[in-house]
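Student: Below you'll find the structure I mean.
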Amino acid sequence: MFMTFFNMRSGKRSLKALGLLAVAASICGQASAQISFADAGRRGSVYLSVGNGSPSHKPSTISIVQGTPGNISNYKLSNVEGDNSTTKAISGIYNYNIRLGYFFDYNQNYAFELCFDPVKYHVSEGQIVNMTGTRENKDIDTSFAFSPANGYFYNIDGANFLSVNLVRRIQIYQIKSHNVRIDGLAKVGIGPCMPHTYSSIAGKEIERPSFQWGGWNAGGEAALRLTLMRHIFLEASYKYSYASYKDIAVYNGTAAQKLVTSQMVFSLGYWFSTTKHNPLFEKPDNRPAPLTIKPIYPPDPEEDSKKMMQGQPMMKAPAAPAQPVVPTEPAPAPTEPAPGEPTPTPDAPPAPAPEPEPGK
């Protein structure tokens, strides 16, 4: 008896376990189908461009702190104008604007972009600069010509704006073969500054040839891109940036500066797909669609009655072809009787049949 009861309980547990496994398998199957569908609809493309820019800078203030404890100099160079030249040029790839991006959405309208702008900043030589603050424990408020002849120059040879941008693409024009396309792009981003500095304050030079983490920058960019043969593109853009530098190396101290820069950038790049069936990189099928004949079905009374109850238009039967009209001859007009002849009378209706007499 006990064994029979135990076997019944074990059978019920087995059935419950099988049921739970079936439900779990169904859920996993649905999830797998959804993931496979998402993978099938994924699209992506990568682009790389190299270009050159022509930056310009707004006047700014350079704050400098120098010295040792007990002999601190803390002063500012106010309203300093800068240009895109340099006291000591650097060479190599650091002179080129570089963009590396990846379009990640299905319609290929949004991308992440890694941007490198080697902006140069140089305090224009010969300008009159105002210096205020304390220097060697003395208050100062003086103006002088900022030039190498006086022992002063200041360079950020490669302001080096490195940023991660979010890109929005808007297609403006495209021919049927997809060999020519014009896109507008809007970009916003933020990232670090890695300047290479070279300066001289009161004849005391210092150079930091290696890149240093010198603050952060943020900017916005508007670009127009012309793509040829679906892969090669030319891009012209205007970028506006704000950079906050700190701990820039100067002799026996550091400098800080807020720099606002605008520049035009012209680039040449290559764009390719990382997934199959990307419409931006495939030749379109411009063949005309096959001719299809839509069959005509007779009206269905039951379907019409359902549509009438739901307030939908009923299916109309095809109109029957028009029957040809057969001309008929007109009836002859009545003629007048000749003199002396009796007038014809219409035929009298037939007399009713006599009723049978009762009893017969």
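None of the figures in this text is laboratory data; all of them are computed from the coordinates on show. Remember, predicted model here, so these are calculated numbers, not experimental data. For neighbour counting, all protein chains shown are included, and Cβ atoms are generated from backbone atoms with ideal geometry for every residue, glycine included.
Student: Assuming 0.36 nm per residue, please report the length gained on full extension of the stretch residue 65 to residue 124 beyond their Cα-Cα distance.
Tutor: Between residue 65 and residue 124, full extension yields 19.1 nm more.
Student: For the pair residue 105/residue 176, report the inter-label distance in nm, with labels modelled 7 Å from Cα in the Cβ direction.
Tutor: 3.0
Student: Sticking with this structure for a sec: Please report the spacing between the Cα centers of the stretch 67-81 and the stretch 186-247 in Å, no decimals.
Tutor: 26
Student: First select every other residue whose beta carbon is under 12 angstrom from the beta carbon of residue 63; then total the charges, Lys and Arg +1, Asp and Glu -1.
Tutor: Charge balance near residue 63 sits at +2.
Student: Another question, then. Once you've got the Cα coordinates, tell me which of 76/246; 176/276; 120/239; 58/138; 76/239; 76/120 are over 25 Å apart.
Tutor: 58/138; 76/239
Student: Taking the number of other C-beta atoms within 10 Å as the exposure measure, put 235, 221, 207 in order starting with the fewest.
Tutor: The fewest-first ordering by Cβ neighbours comes to 207, 235, 221.
Student: Suppose a student asked you for the relative contact order of the stretch 45-273, using Cα pairs under 8 Å spaced at least 6 residues apart; what percent would you report?
Tutor: 22
Student: Which length gain, in nm to one decimal place, applies between residue 190 and residue 207 when the Cα-Cα distance is subtracted from 0.36 nm times their residue separation?
Tutor: Roughly 3.4 nm would be gained on extension.
Student: Got a sec? How would 121, 238 order by Cβ neighbour count within 10 Å, fewest to most?
Tutor: Arranged by neighbour count, lowest to highest, 121, 238 become 238, 121.
Student: Please arrange 122, 178, 196 by counting, for each residue, the other beta carbons lying within 10 Å of its beta carbon, fewest first.
Tutor: Listed from fewest to most nearby Cβ atoms, that is 178, 122, 196.
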